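The values are calculated or read from the model by the stated rules, or taken from the named source; none is laboratory data. Remember, it's a predicted structure, so these values are computed and weren't measured experimentally. Neighbour counts run over all protein chains shown; Cβ positions are idealised from the backbone, glycine included.
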Amino acid sequence: MLEDLVVYRAKAVRTMDPGRPLAGAVAVMEGRIVSVGTVEAMAPWLDRFPHRFDDRFRDQVIFPGFIDPHTHFRMSGVFMSLTYVGPIPSPGPHGVNPGLATRAAVLEKLRQADAEKTDPAEPIVAWGLDPAAQGGQFHRDELDGISTTRPIWTITYAPHVVVANTVMLERIGIDESTNVYGVERYPDGRLNGQFIEREATQLATRPVVGILNSKGRGVRGIRMLAATAQAAGVTTTAEMVFGYLDFDAELAEHRQAVLDPEFPIRMLLVPVDGALRARHGDGVAEAMKALEAEGGDKLSFHGVKFVNDGSYPAMTLRLRFPGYLDGHEGHRGQTPWDEMFEHMLPYWRAGVQIHSHANGDETVDMTLDVLERLQLAHPRFDHRFTIEHYCISTPDQARRLKALGGLASVNNYFVHYRSLLHAEQGFGPDRAEATARLASLEREGVVFALHSDFSLVLTPIHPLMAAWIAVRRIALDGETVVAPGERIGRERALRAITIDAAHVLGRDREIGSIEVGKRADFTILGEDPFTVDIDRLKDIAIWGTVLGGKVFPAHG
Ligand SMILES: [Zn+2]
């Protein structure tokens, strides 16, 4: 052994190893855990090897590093530098942008942006629309009211709907004869300026790709959002739409940002199927296996992502009967559902883990049907097929997911932040209340993780907040308990942000708990999440993190 052992003594070490849950110290060498227990019990190591004690966490609790298994740092960072029209305060390159609570405020902000630009051909490119909070989806005629000469391009905060004015429609290069899935129309057949979900938004994004990909924005975004995540205690995350805009550019940016020794987070890159297919055609699975094989311990490729319906906050997900309050249908993703099995099969056969986005219960049904066909075609165990988001589901689906051996990575922040809003907008009271049915998963024995989707869904990144929401299910009014039968216990919630999240990412051999041989990834907490009053769980001070033995104070 080359280095000295470093022994961190703490107020407590919570291991998330159920067999050895509590300790007083952890010994680290070369970025890995050598021993966890009491200093006395470590004597067989300490007697044999040079070591030193580090007591800076003496008054803190050492916890396994938090894992948020679904984020979008790069894309969010890029959006942050656009004109901001969202409903919540949001950081931008020139400080924090205020939230715009009304439709009128959004239109005023766009009018202002128009007045400030001197070049009459320069487009307005804006991000942050929240149709549920701002009076419904925006549309072409409204934006023509801002300008009939300057192109205007806007996108919802959850980037599933682009809205363009007439001049921008001309730049996109489409007219009334267009027949692309998700290009929407007024009742009289005229284009209404809305582009919903991947096929349509990709088309609509063509004229502004240069602005979104402009040099430096990606790396800056990854760094900025990683700092926010680290301050919340996150040590590992997965980029869940890697390659969405430009595979090579995004890879170069992630290498530059993540491999910097001062970057505090491990990052898994999960490419979208469409990006792999465009590069590798029928060789997608072999290509993905090769990418996975070359990964390092800080930055690596992992699995494949399918986006199969719309968004919860943008209200484009697909619902079972009786559908949306206003009768609209929601949208599928890029791949038509009747082609899904053929798209997934090569990955399934090759053992590439599939992460399949399904927000609405109709999409969960489709996903389970496809998983059943995959199992019939090529039976597998421990395949870790994961349904991403799993926002609106039913108990029968949890049972079926268990029977097919699948997992869930759930965005449950909506229970607190948006369930009351969507009882009245979009989904109606029943589905809004049943958002993120974690106890149903637990009752069936499905392993699940909690994620933030940061920063694309109007909620913060804060794993302890997610755990608190899972345990309490208190809505934004501070008193309504939303579907109390879906609350879970404290330990299960804490597993979902550590060891169970590692399982969902196929990394539980390496991270997720404090065990001998695993990487020394810790979140350093001011209080013990197992004993603190439950309503203080979300308020526990986060001192910082340790990544592979390197200490990152949250303030530094
Ligand atoms: Zn996502």
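Some values worked out for this structure:
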{"quantity": "N179, sole failed condition from (1) over 31 Å from the mean Cα position of the chain (by Cα); (2) over 29 Å from N359 (Cα atoms)", "calculated": "(2)"}
{"quantity": "Residues (free of Cβ contacts under 8 Å to residues at least 60 places away in the same chain, surrounded by 19 or more Cβ atoms within 10 Å (Cβ to Cβ) and part of a loop (DSSP other than H, G, I, E, B)) located in region 151-176", "calculated": "P151, N165"}
{"quantity": "Residue that is nearest to D477 (Cα to Cα), among those in region 404-423 that are touching a Pro at 6+ places or on another chain (Cβ under 9 Å), within 16 Å of the ligand (Cβ to nearest atom) and in contact (Cβ under 8 Å) with a residue 60 or more places away in the chain", "calculated": "R418"}
{"quantity": "Tally, over region 520-532, of residues that are in contact with a strand residue (DSSP E or B) (Cβ under 6 Å, 6 or more places away or on another chain) and buried (at least 22 other Cβ atoms within 10 Å of the Cβ)", "calculated": "6"}
{"quantity": "Matching residues, region 533-547, being surrounded by fewer than 18 Cβ atoms within 10 Å (Cβ to Cβ) and not in a helix (DSSP H, G or I)", "calculated": "D533, A541"}
{"quantity": "Of the criteria (1) in contact with a helix residue (DSSP H, G or I) (Cβ under 8 Å, 6 or more places away or on another chain); (2) under 18 Å from L505 (Cα atoms), which one D382 fails", "calculated": "(1)"}
{"quantity": "Conditions (1) within 14 Å of H389 (Cβ to Cβ); (2) in contact with a Gly (Cβ under 8 Å, 6 or more places away or on another chain); (3) within 16 Å of the ligand (Cβ to nearest atom); (4) not aliphatic (A, V, I, L, M): number failed by E362", "calculated": "(3)"}
{"quantity": "Search result, residues across region 8-25 that are closer than 11 Å to F57 by Cβ and touching a residue at least 40 places away in the same chain (Cβ under 8 Å)", "calculated": "Y8, R9, A10, K11, A12, V13"}
{"quantity": "Some residue of region 264-277 being of a type in the set (A, V, I, L, M, F, W, C), farther than 20 Å from I354 by Cα and touching a strand residue (DSSP E or B) at 6+ places or on another chain (Cβ under 8 Å)", "calculated": "yes"}
{"quantity": "Every residue from region 371-403 that is crowded, with 24+ Cβ neighbours inside 10 Å, part of a loop (DSSP other than H, G, I, E, B) and in contact (Cβ under 8 Å) with a residue 60 or more places away in the chain", "calculated": "C391"}
{"quantity": "Given (1) among the hydroxyl-bearing types (S, T, Y); (2) touching a Leu at 6+ places or on another chain (Cβ under 9 Å); (3) more than 16 Å from the ligand (Cβ to nearest atom), index of the condition T394 fails", "calculated": "(2)"}
{"quantity": "Cβ pairs under 8 Å, 6+ apart, first in region 262-284 and surrounded by fewer than 21 Cβ atoms within 10 Å (Cβ to Cβ), second part of a strand (DSSP E or B) and among the aromatic types (F, W, Y)", "calculated": "A275/F242"}
{"quantity": "Identity of the residue in region 348-357, surrounded by fewer than 19 Cβ atoms within 10 Å (Cβ to Cβ) and on the phi < 0 side of the Ramachandran plot, that ends up farthest from the ligand (Cβ to nearest atom)", "calculated": "R349"}
{"quantity": "Strands (runs of 3 or more DSSP E) contained entirely in region 58-114, each with at least 1 residues that are within 16 Å of the ligand (Cβ to nearest atom) and under 20 Å from I542 (Cβ atoms)", "calculated": "66-71"}
{"quantity": "In region 506-532, the residues that are touching a helix residue (DSSP H, G or I) at 6+ places or on another chain (Cβ under 9 Å) and part of a strand (DSSP E or B)", "calculated": "T523, L525"}
{"quantity": "Helices (runs of 4 or more DSSP H) completely within region 213-289 that count 2 or more residues being within 15 Å of the ligand (Cβ to nearest atom)", "calculated": "217-231, 273-280"}
{"quantity": "Residue match in region 31-49 (condition: surrounded by fewer than 22 Cβ atoms within 10 Å (Cβ to Cβ) and on the phi > 0 side of the Ramachandran plot)", "calculated": "yes"}
{"quantity": "Filter result for F79 (in contact with a helix residue (DSSP H, G or I) (Cβ under 7 Å, 6 or more places away or on another chain) and within 23 Å of M267 (Cβ to Cβ))", "calculated": "no"}
{"quantity": "Condition met for R399 (within 22 Å of P484 (Cβ to Cβ), within 16 Å of the ligand (Cβ to nearest atom) and basic (K, R))", "calculated": "no"}
{"quantity": "Positions within region 296-347 being at positive phi and either surrounded by fewer than 17 Cβ atoms within 10 Å (Cβ to Cβ) or not in a loop (DSSP other than H, G, I, E, B) (or both), in sequence order", "calculated": "G327"}
{"quantity": "Exclusive hit being closer than 30 Å to A293 by Cβ and polar (S, T, N, Q), set T394, T367", "calculated": "T367"}
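Residue-wise test of (1) at pLDDT 95 or above; (2) among the hydroxyl-bearing types (S, T, Y); (3) under 12 Å from R74 (Cα atoms).
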residue: G221; (1), (2), (3): no, no, yes
residue: A226; (1), (2), (3): yes, no, yes
residue: T235; (1), (2), (3): yes, yes, no
residue: L245; (1), (2), (3): no, no, yes
residue: A249; (1), (2), (3): no, no, yes
residue: A285; (1), (2), (3): yes, no, no
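Residue by residue, here is whether (1) under 17 Å from the mean Cα position of the chain (by Cα); (2) among the acidic types (D, E) holds:
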| site | (1), (2) |
| --- | --- |
| E292 | no, yes |
| K305 | yes, no |
| D309 | yes, yes |
| R318 | no, no |
| L325 | no, no |
| E329 | no, yes |
